[in-house]
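The values are calculated or read from the model by the stated rules, or taken from the named source; none is laboratory data. Here the structure is a predicted model, which means the values were calculated and not measured. Backbone-built Cβ (ideal geometry, glycine too); neighbour counts: all protein chains shown. To get the accessible areas, we keep the full protein, side chains included, count just its heavy atoms, and leave off ligands, DNA and RNA. Shrake-Rupley method; radii C 1.70, N 1.55, O 1.52, S 1.80 Å.
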Amino acid sequence: MPQVQCKAVLFDLDGVLIDSTRAVARVWHRWAVEHGFDPEEVIARAHGRPSLVTVREYLPDADHVAENREVERREIADLEGVVPLPGALELLASLPEDRWTIVTSCTRPLAEVRIRAAGLPLPKKLITANDITHGKPHPEPYLKGASALGFPPAECIVLEDVPAGVRAGEAAGAKVIAFKTTVQESALREVGADWVLNNCADIRLLDARKNLKLALADNL
């Protein structure tokens, strides 16, 4: 199995640690229909980005804060089928708690609700849409995630599942492992993912001393 080393791991949430695909699709499908947009297009564009960005793009003249608050309310209320993805609980449990965090495009209330619903540990230094000005694919989320843990981004590995997130990690200067949980492998490779795996079950911690040494399944 190939091995990589890093100081810390920065996890995206949806599509990396938890499966919330059906819940996300239900909320955005309903929202799109209500506003006369193509549901499939809206769902695809909403993945991996702050919901406020999607609201602004589709409703440029609306009260964005109020509209986004309603989307958030619906997402918090819909937790059916929100479960941990394979290997997520095991990988998080194996890592020292000060060497990993979650960097998500969800708002803080939504992220915390989904993390708890999936039975995942809540990181001490969670980075959410409430903590940033520019969402993915801008590097700011992962720059802040690395800073929160006290490491340069170049010494971190980002785990992502969508092109916007891969671009954000790469732009921050980190290496990126992408999972084939949300989009096709070709889309992840096109935006520069360093490794493409199935899910967290393809990663195993070998050593947690000065550097984290990770073994990756031979699916590169």
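How many lysine pairs in the chain, separated by 8 or more positions in sequence or lying on different chains, have Cα atoms less than 21 Å apart?
18
Below 12 angstrom from the Cβ of Lys210, what's the summed charge of the other residues (Lys, Arg +1; Asp, Glu -1)? Numbers along the way, then the final one.
Details: positive: Lys7, Arg99, Arg209, Lys213; negative: Glu155, Asp207.
With Lys, Arg at +1 and Asp, Glu at -1, the neighbours total +2.
Suppose accessible area is computed on protein heavy atoms with a 1.4 Å probe; arrange Leu91, Leu205 from highest to lowest. Numbers along the way, then the final one.
Details: Leu91 10, Leu205 40 Å².
Sorted by accessible area, descending: Leu205, Leu91.
For the chain, give the percent of accessible area contributed by carbon and sulfur heavy atoms, probe 1.4 Å, rounded to a whole number. The partial results should precede the final answer.
Details: 4900 of 9820 Å².
Ligands and nucleic acids excluded, carbon and sulfur give 50 percent.
Using the Kirkwood formula over every pair of different C-alpha atoms, what hydrodynamic radius in Å results for the stretch 1-42?
In the stretch 1-42 this quantity evaluates to 13.0 Å.
Going by the alpha-carbon gyration tensor, a ≥ b ≥ c the square roots of its eigenvalues, is the stretch 112-203 rounded (a/c under 1.5) or, if a/c is not under 1.5, prolate (a/b greater than b/c) versus oblate? Walk me through the intermediate numbers first.
Numbers: a/c = 1.59, a/b = 1.16, b/c = 1.37.
It comes out oblate by the Cα gyration axes.
Near Arg73, within a Cβ-to-Cβ distance under 15 Å, what is the net charge of the other residues, with Lys and Arg +1 and Asp and Glu -1?
-2
Using protein chains only and a probe of 1.4 angstrom, how many square angstrom of Glu34 are accessible, to the nearest 10?
Glu34 has an accessible surface of roughly 100 Å² with all protein chains in place.
Hey, what number do you get for the chain at 222 nm if only DSSP H runs of n ≥ 4 count, each worth -39500 (n - 2.57), divided across all residues, to the nearest 500? Don't skip to the answer; put the middle values down first.
Working: 9 runs with 88 residues, N = 220.
When only DSSP H runs of four or more count, the value is -11500 deg cm²/dmol.
Among residues other than Glu190 whose Cβ falls under 14 Å from its Cβ, what is the net charge (Lys/Arg +1, Asp/Glu -1)?
Details: positive: Arg167, Lys180, Arg189; negative: Glu160, Glu170, Glu185, Asp194.
Overall, the nearby charge balance is -1.
For the full complex of protein chains and a 1.4 angstrom probe, list Asp194, Asp161 by accessible area with the highest value first. It would help to have the intermediate numbers written out before the result.
Working: Asp194 55, Asp161 5 Å².
The ranking, largest first, comes out as Asp194, Asp161.
In nm, to one decimal, how far is the Gln184 label point from the Leu59 one, both placed 7 Å along Cα→Cβ?
With each label placed 7 Å out from Cα toward Cβ, I get 3.3 nm.
For percent of Cα pairs over 24 Å apart, several values are listed as [x] 53; [y] 38; [z] 48; flag the one computed from this structure.
So the structure-derived entry is [y].
I need the calculated FRET efficiency for the pair Glu97 and Met1, taking r as the beta carbon distance and R₀ as 30 Å, to the nearest 0.05. Display every interim value, and only then the final one.
Values: r = 25 Å, r/R0 = 0.83.
Efficiency at R0 = 30 Å is approximately 0.75.
If you roll a 1.4 Å probe over the heavy atoms of the protein chains, what accessible area per residue do you get for the chain, in Å²? List each step's numbers first, then the result.
Numbers: 9820 Å² over 220 residues.
Accessible surface, normalised per residue, equals 45 Å².
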